Structures are given as structure tokens and as C-alpha cells.
Amino acid sequence: MSDVLSVALSRLSRVDGVRGALIVDAQAGVPVVSELADGVAEPAVAALAASLFRRTAKAAGAAAFGGLETLQLEAEAGHVVMAGAGELVVVVVAEADAQLGLIRLEAQRAAGSLA
Amino acid sequence: MRQVDLQPLVEALREPMRRFVREARVRIALLVNGSGQILAQHGFTRSYEVVSVAALAAAAHAAARALAQLTGQARWTHLHHAGQELQLVLAPFHTPGEELILVAIFDEDSSLGLVQLYLERLAGEVGQLPQFQRVLAFTDAAGFERELEAGLRSFFASELGSG
């Protein structure tokens, strides 16, 4: 399993504009594996991203939209893209001008390989 | 055990604890010192529950510290128990004056990661408080009992007053 996680992270981290990627335990909000650039606070990103993903998934459920697949957060200086993989969440931290389409695709692919 | 009036410490901890509870979304939080004296609490409604949890937290902390030393670890960072509905985190942190222990109980609205994240902030804030900058004197068992009772009266009187 750890090989699968590492391969998934490695692919994500190679995409242009990606500052790092994590695979997070969705319930505990703690990182399982990560590859992050300096200056990205791993525990904070893991805890907050997992919390956001779980809450949004609840909202999606309440709105009868079904399960949440991906979630994208846009901020002034960058993006956070998340993809659900069962008990795990794939989290990608990217620059503002990163190739978001490719990142979403790779995040979904990574989540698919983990689920 | 401290030979001091606990009230200023309780007052100083009120806002940092309130913020921790709100941001980490925990149901119950308790801050005790290594002797089991209660310095702050949120979410308890009965004083005997606070006393029991505080005593158990201090005992668990002592046992975990002994276990850490036996296994060659200088210190331990937290103890996490995940139940079916509720989870408990027991985490010690240092201030210049003394070591404190946080007990946090939370449900699916929070997570271990969130509790750890905001505990770090809480520890930083408490460590900066002037009331925790120096090591304070020890007292005897009778003094401890008096402080405990005074602390409990203070917590539950203020909660009744604000409710």
C-alpha cells in the first residue's frame, strides 16, 4: 500500500506548479504520506483540508448531490485541490498559475488508485 | 502543587481556552497541571466529572511519562483514544512555569489533526501568559484540596452566572 501511495504522490508532485501533495486520513485529519515544498505547513494543511472536505461532503449529501469527488479551493496566491479516496483524501497545494485541469485529473487518478 | 491563588490563572486561561474550543470544535476541554489541579474547563456540567477526569488525566500522564522513559523516550506528545462516537486526546505541553495537560473530547465535528493544530496555538498562547512565566511553590495536600474546591466553585459559579 505504501508503494501505491508514494507513486500517487510522486506523479502529482511532478505536475508544473504543484508545491506539494499529501494523502490524508479523512477522519483523523493527519497526513499519511506527503511531499511538500518548504514553507507549506503539513499538519495544518492536512487537518484543515480534511475538515473542509468532510464538511463539504456532508453538505453535498444534505443537498442530495451524492458523494463528493473533488473539491477545489481558490485563494489569492494559490489553489488547494482535494479528491476523495474512501477513508483518504488526496490534497494538492498548487501555485496560482498552475495547470489546474491537469492537477484535478491527476488528483482524481491518484484517488482512484487508492480507493 | 502551587501555593498560589488559582483565580488569576483561571482568568488568564479563559480566553485562550474559549478560542481553542471554538476553533478545534471540541465538545469538552479541560486543562490541568501535573498535580491534577483544574485550571480551565469547558463543557462539563457536573463538578464530580471534572474532578474525576482531572485526576485520571494526571494519572494517565504520569503513567505515559513513565512508559516513555522506560522505552527510552524523553517525553510523549499525546495520547489518543478513538471510541465509536467520541474521541479523547490527552496532551501535555510546557510553559516556562510548569507542564500543563490538556484533555479534549470531540466527535466527528472535529479531528485529531484539528485538535493537534489548535493545541499548538493554545500552548503558544498559554506559554506567553505572565502567570505561567515562573515556577511556583509547592503546597501540602490540605492546600491542594482547598484550591481544588475553590477552583470548582469558581468554574461552576461562573457558568451558572453566564447561563
Tally up the residues in the stretch B:14-26 that are under 20 Å from B:E49 (Cα atoms), hydrophobic (A, V, I, L, M, F, W, C) and touching a residue at least 24 places away in the same chain (Cβ under 8 Å), please. 2
Determine which member of the set A:A77, A:A26 is more than 14 Å from every other protein chain (Cβ to nearest Cβ) and aliphatic (A, V, I, L, M). A:A77
Considering only residues that are within 7 Å of another protein chain (Cβ to nearest Cβ) and among the polar types (S, T, N, Q), look in the stretch B:105-119 and name the one that is surrounded by the most Cβ atoms within 10 Å (Cβ to Cβ). B:S111
Pair list, Cβ < 6 Å and 6+ apart or interchain, from the stretch B:27-49 residues that are more than 17 Å from B:F132 (Cβ to Cβ) and modelled with pLDDT under 90 to residues that are part of a loop (DSSP other than H, G, I, E, B) and basic (K, R): B:G43/B:R27
Out of A:T70, A:T56, report the one residue that is without any contact (Cβ under 8 Å) to a residue 24 or more places away in the chain and more than 13 Å from chain B (Cβ to nearest Cβ). A:T56
State whether the residues of the stretch A:84-99 include one that is charged (D, E, K, R), in contact with a helix residue (DSSP H, G or I) (Cβ under 8 Å, 6 or more places away or on another chain) and away from chain B (no Cβ under 11 Å). no
Within the stretch B:1-110, strands (runs of 3 or more DSSP E) holding 1 or more residues that are touching a Pro at 6+ places or on another chain (Cβ under 6 Å): B:99-106
Kindly indicate whether A:V45 is out of contact with any Pro (no Cβ under 6 Å at 6 or more places or on another chain), within 14 Å of chain B (Cβ to nearest Cβ), more than 22 Å from B:L86 (Cα to Cα) and modelled with pLDDT of 90 or more. yes
Some residue of the stretch A:59-70 being touching a His at 6+ places or on another chain (Cβ under 8 Å) and surrounded by 14 or more Cβ atoms within 10 Å (Cβ to Cβ): no
Quickly run through the stretch A:77-115 and pick out the residues that are in a helix (DSSP H, G or I) and crowded, with 21+ Cβ neighbours inside 10 Å. A:I103, A:E106, A:A107, A:A110, A:A111
Only one residue in A:A37, A:A49 is over 14 Å from A:V18 (Cα atoms) and either surrounded by fewer than 20 Cβ atoms within 10 Å (Cβ to Cβ) or in contact with a strand residue (DSSP E or B) (Cβ under 7 Å, 6 or more places away or on another chain) (or both), so which one is that? A:A49
Of the conditions (1) more than 15 Å from B:L114 (Cβ to Cβ); (2) within 14 Å of chain B (Cβ to nearest Cβ); (3) among the acidic types (D, E), A:D16 satisfies every one except a single condition; which number is it? (2)
Out of all the residues in the stretch B:1-60, which are surrounded by 14 or more Cβ atoms within 10 Å (Cβ to Cβ), basic (K, R) and over 29 Å from A:A50 (Cα atoms)? B:R2
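The values are calculated or read from the model by the stated rules, or taken from the named source; none is laboratory data. In this text, all values refer to a predicted model and were calculated from it rather than measured experimentally. In this analysis, Cβ positions are derived from the backbone assuming ideal geometry, glycine residues included, and neighbour counts consider all displayed protein chains.
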